[in-house]
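Structure, as structure tokens:
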Protein chains: 2
Amino acid sequence: MGITEQLIKLGGMDVPEEAAAMMRLSLFDWAACGIIGAGEADFAGFRRAQMIEEGPAHVFGGDASGAATAALVNGTLSHALDYDDTHFAHIGHPSVAVLPAVMALAETLDMRLTNAVDAATIGVEASIMVGVWLGRDHYQIGYHQTATAGAFGATLAAARMLDLDKHQTRHALGLCASMASGLKAQFGTMGKPLNAGLAARTGVEAALWAQAGMTAAADGLDGALGFGATHHGEGADVKLPRKDWQISEISHKFHACCHGLHAMLEALSGANVAADRIAALKIRTSPRWMSVCNIAEPKTGLEAKFSYTQTAAMALLGHATGTVGNFTDAITRDKDIRDLRAKIEVMEDPTLSETQSQITLTLDSGEVRRMRHDLLAPMTLEARSDKLRGKVRALLGEDREEALWHAVIGPELDAVTACFAGN
Amino acid sequence: MGITEQLIKLGGMDVPEEAAAMMRLSLFDWAACGIIGAGEADFAGFRRAQMIEEGPAHVFGGDASGAATAALVNGTLSHALDYDDTHFAHIGHPSVAVLPAVMALAETLDMRLTNAVDAATIGVEASIMVGVWLGRDHYQIGYHQTATAGAFGATLAAARMLDLDKHQTRHALGLCASMASGLKAQFGTMGKPLNAGLAARTGVEAALWAQAGMTAAADGLDGALGFGATHHGEGADVKLPRKDWQISEISHKFHACCHGLHAMLEALSGANVAADRIAALKIRTSPRWMSVCNIAEPKTGLEAKFSYTQTAAMALLGHATGTVGNFTDAITRDKDIRDLRAKIEVMEDPTLSETQSQITLTLDSGEVRRMRHDLLAPMTLEARSDKLRGKVRALLGEDREEALWHAVIGPELDAVTACFAGN
């Protein structure tokens, strides 16, 4: 069965409770990222330029517009900080493409939160399937999988919400095949978060247009002239989810920096040692990250987010790496940080996957401690909730975290979107 | 100089009078196609689905909306009939991607028609440059050049209209690189005209967003991870226009059928012979068209548009091939047509380019006549105007043709867009 037919089947499946619970945690995390993202001054002009229509769908930072516009703006703002969730097999950020589409459409359709969460779960699972199907070639050649695979996930979620039949869903996916886009060349520019917003809008539009009678290539995704064939897709084998949904392997960021640093920071969190007792620290990581986040002597807050030595030193000296505001230019010049950075060595280890890190810590006393972490190590939903609540508390403060948390575990969609205003 | 830098230069160039005059003819032709396209019942749902905002930019069929929405809808409707202009080196339809963006933005900015026409000329020239740069590989692998190259042309035109500086224009083109899309897989579905509408909207949005402060990859079009490298672009050599602008080689359709049939129909227009005197007719054409528009025994009006034998018979029997309504299912079953079709032979001739056709006509008397035509044969602007006015008269009727004609050769933008209502 081709992937288009698999997706159509997936669109009609029941969602397991565990998968939906994971989705609610991602909704919580995503909304917090969007609320904070709306405060980024760089994006104020873009946000204002979109606010030409009024509608039912709330936009981060206040105001409401039509579903497509809200999806575009919320997708962009929620990815602005790069602090949202990741799925390594998808090679992308699943929530920022799917959730903006689902939430905007859910408000338009006046849906219950439960149904919106189910649709989002389907959408994220679909994104992961398409991401795996497109494979690493697609990513390596230059496509931003968050946006390309994400657009198909958003489309399938929207098609489910609009109750499209099989033929309409096929047309929606076919329309998406002509609209899905986004280049990795944008990394380091505002074009990166925009890619996520465009994917979310594509999902809303492709489904609404199919509902309005637009037709498209039935094999737009996997035909001989389809998206996969034209966009360097591998066409890897994928299967419909049975008991275990791939959404369970989502990684949430608990540190406001590049995801390549997170396994190291998690490993280090067990160190519990005063910085002045450290003689040497060796970090082993997957070769894949060496060209991504190994800036040895960062000079800006942005560079700090891509530096093993800097973030390790920050963590050991008690500067919370989960606090966005701690990544300043000044902290890269801090004397204690610089002294500690000089004791840290980073080396690649091809036996480690990109979710793993190993640390060897040598104390002044000569004592040697070894620590390791794998981001894919099982974490209970409770433990994950606790960590996410801590993250969101740091982002939004206690009161707003409390309100958002109770909204996302509750039944009412409006309670969630009421939290979107302000930043 | 890379193509991005060339495009930025082009954006600031003066437009020669002759090129602008050609653009006005394409504006006339495009508007007529859009007005008629708005009457296509299939697209009514799509059109309605977009009309959620009000704004200054007129939409074919009535109503007005924001510039981006008007560009999307007008681009789609004006390509719905596939009766708009073509540029063979671009491998696409230049006006349907550029003009919807330019006209919608011009209304928003309250510009004079002259300035809008200049911007459109720049935009079309840019589309052709990017189309040539992407090359035939890009088209063959499955990209719809009308949409992909067209989006860059629309972006450059919009950037000029918004008076963006070099840096902003570079960002606009960089944003476009993440948004330009459209698959040939859509041919035969409503997704094909939609591709044109999406390209037009991309132009408006990329320029407005760059103006609003969005940044993007400076080398989004021609960098190592850019649009060309990721989308199978050839990177062919292109030059900035000097005396001769490539817009002068635009072909307008004077027959409501596949462009592959037009050289043959033009050649035949000089035949001036009664059908019952014909013993045999041989059509020679470029091999490229044999798999595109050589349906020997069409059964529907749509198939008739892709048939040498059918359209040749129609022309010889006096059924105007410039009249959309003549392409019916019934006419494929007409006895005289069928009898004449049986006398027509179509053969490929590799010495002919895709704009050329040769005809050998044998009469009952034994007399043999030879005719040929090349769509690129020079045609004066006056001769082209006359032919286009005839086409538009057949589409809109005398009064509305007269009004549209005087509007496009006049100074006022509003006079043109006032013609958009109705169909």
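If you go through segment B:381-408 and keep only what is among the basic types (Lys, Arg) and in contact with a Cys (Cβ under 8 Å, 6 or more places away or on another chain), you end up with just B:ARG400. Need at least 2 residues that are within 14 Å of chain B (Cβ to nearest Cβ) and modelled with pLDDT of 95 or more per element, so show me which helices (runs of 4 or more DSSP H) inside segment A:1-89 make the cut, counting only ones lying wholly within it. Once the helices (runs of 4 or more DSSP H) in segment A:1-89 are filtered for at least 2 residues that are within 14 Å of chain B (Cβ to nearest Cβ) and modelled with pLDDT of 95 or more, what remains is A:44-50, A:67-79.
Note on segment A:357-369: among residues that are over 27 Å from the mean Cα position of the chain (by Cα) and aliphatic (A, V, I, L, M), the one that is surrounded by the fewest Cβ atoms within 10 Å (Cβ to Cβ) is A:VAL368. Exactly one residue among A:GLY228, A:GLY223, A:GLY233 is over 11 Å from A:LEU173 (Cα atoms), assigned to a helix (DSSP H, G or I) and small (Gly, Ala, Ser), and that residue is A:GLY228.
Cβ separations smaller than 7 Å between residues 6+ apart or across chains give the following pairs from segment A:220-245 residues that are away from chain B (no Cβ under 14 Å) to residues that are among the β-branched types (Val, Ile, Thr): A:ALA236/A:VAL132; A:VAL238/A:ILE3; A:VAL238/A:VAL132.
Just so you know, in segment B:251-274 the residues that are assigned to a loop (DSSP other than H, G, I, E, B) and touching a helix residue (DSSP H, G or I) at 6+ places or on another chain (Cβ under 6 Å) include one that is surrounded by the fewest Cβ atoms within 10 Å (Cβ to Cβ), and it is B:PHE254. Residues in segment B:67-93 that are among the hydroxyl-bearing types (Ser, Thr, Tyr), touching a strand residue (DSSP E or B) at 6+ places or on another chain (Cβ under 9 Å) and closer than 17 Å to B:MET23 by Cα: B:THR86 alone. When we screen A:THR355, A:THR311, A:THR362, A:THR351 for residues that are in contact with an Asp or Glu (Cβ under 7 Å, 6 or more places away or on another chain) and in the same structural domain as A:GLU297 (by TED's automatic domain parsing), the only hit is A:THR355. Just one residue in the set A:THR189, A:THR215 is at the interface with another protein chain (Cβ under 8 Å from one of its Cβ atoms), farther than 30 Å from A:PHE46 by Cα, surrounded by fewer than 24 Cβ atoms within 10 Å (Cβ to Cβ) and among the polar types (S, T, N, Q); that residue is A:THR215. Taking the condition in the same structural domain as A:ASP244 (by TED's automatic domain parsing), of a type in the set (A, V, I, L, M, F, W, C) and within 18 Å of the chain's Cα centre (by Cα), does A:LEU413 pass? No, not satisfied. Of the residues screened, B:LEU404 is not one that is assigned by TED's automatic domain parsing to the domain that holds B:GLY62, in contact with a Phe, Trp or Tyr (Cβ under 7 Å, 6 or more places away or on another chain), within 18 Å of B:HIS259 (Cβ to Cβ) and modelled with pLDDT of 95 or more.
Each residue in segment B:223-237 was checked for being under 25 Å from the mean Cα position of the chain (by Cα) and buried (at least 18 other Cβ atoms within 10 Å of the Cβ), and 5 of them qualify. Residues in segment A:192-210 that are more than 8 Å from chain B (Cβ to nearest Cβ) and of a type outside the set (A, V, I, L, M, F, W, C): A:LYS192, A:PRO193, A:GLY197, A:ARG201, A:THR202, A:GLY203, A:GLU205. Residue count for segment B:140-165 under the criterion of being farther than 16 Å from B:MET179 by Cβ, within 12 Å of another protein chain (Cβ to nearest Cβ) and outside any loop (DSSP other than H, G, I, E, B): the result is 2.
Taken together, the residues in segment B:357-380 that are more than 19 Å from B:ASN294 (Cα to Cα) and part of a loop (DSSP other than H, G, I, E, B) amount to 9. In a residue-by-residue description of segment A:293-307, the property of being of a type in the set (Phe, Trp, Tyr), closer than 21 Å to A:THR86 by Cα, outside the structural domain of A:ALA80 (by TED's automatic domain parsing) and buried (at least 21 other Cβ atoms within 10 Å of the Cβ) applies to no position.
Here is a yes/no grid of residues against (1) closer than 25 Å to A:LEU375 by Cα; (2) assigned to a helix (DSSP H, G or I); (3) away from chain B (no Cβ under 14 Å):
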residue: A:ALA106; (1), (2), (3): no, yes, yes
residue: A:GLY131; (1), (2), (3): yes, yes, yes
residue: A:LEU134; (1), (2), (3): yes, yes, no
residue: A:THR169; (1), (2), (3): no, yes, yes
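Specify which of the listed residues (B:ALA320, B:ALA267) is touching a residue at least 60 places away in the same chain (Cβ under 8 Å), of a type in the set (Gly, Ala, Ser), out of contact with any strand residue (DSSP E or B) (no Cβ under 7 Å at 6 or more places or on another chain) and within 29 Å of B:VAL392 (Cα to Cα). Only one candidate passes the filter, namely B:ALA320.
A residue that is surrounded by fewer than 24 Cβ atoms within 10 Å (Cβ to Cβ), under 30 Å from B:ALA207 (Cα atoms) and under 18 Å from the mean Cα position of the chain (by Cα) cannot be found anywhere in segment A:117-136.
The values are calculated or read from the model by the stated rules, or taken from the named source; none is laboratory data. Everything quoted here is computed from the prediction, not taken from an experiment. Every residue, glycine as well, gets a Cβ built from its backbone with ideal geometry; the counts of neighbours run over all protein chains shown.
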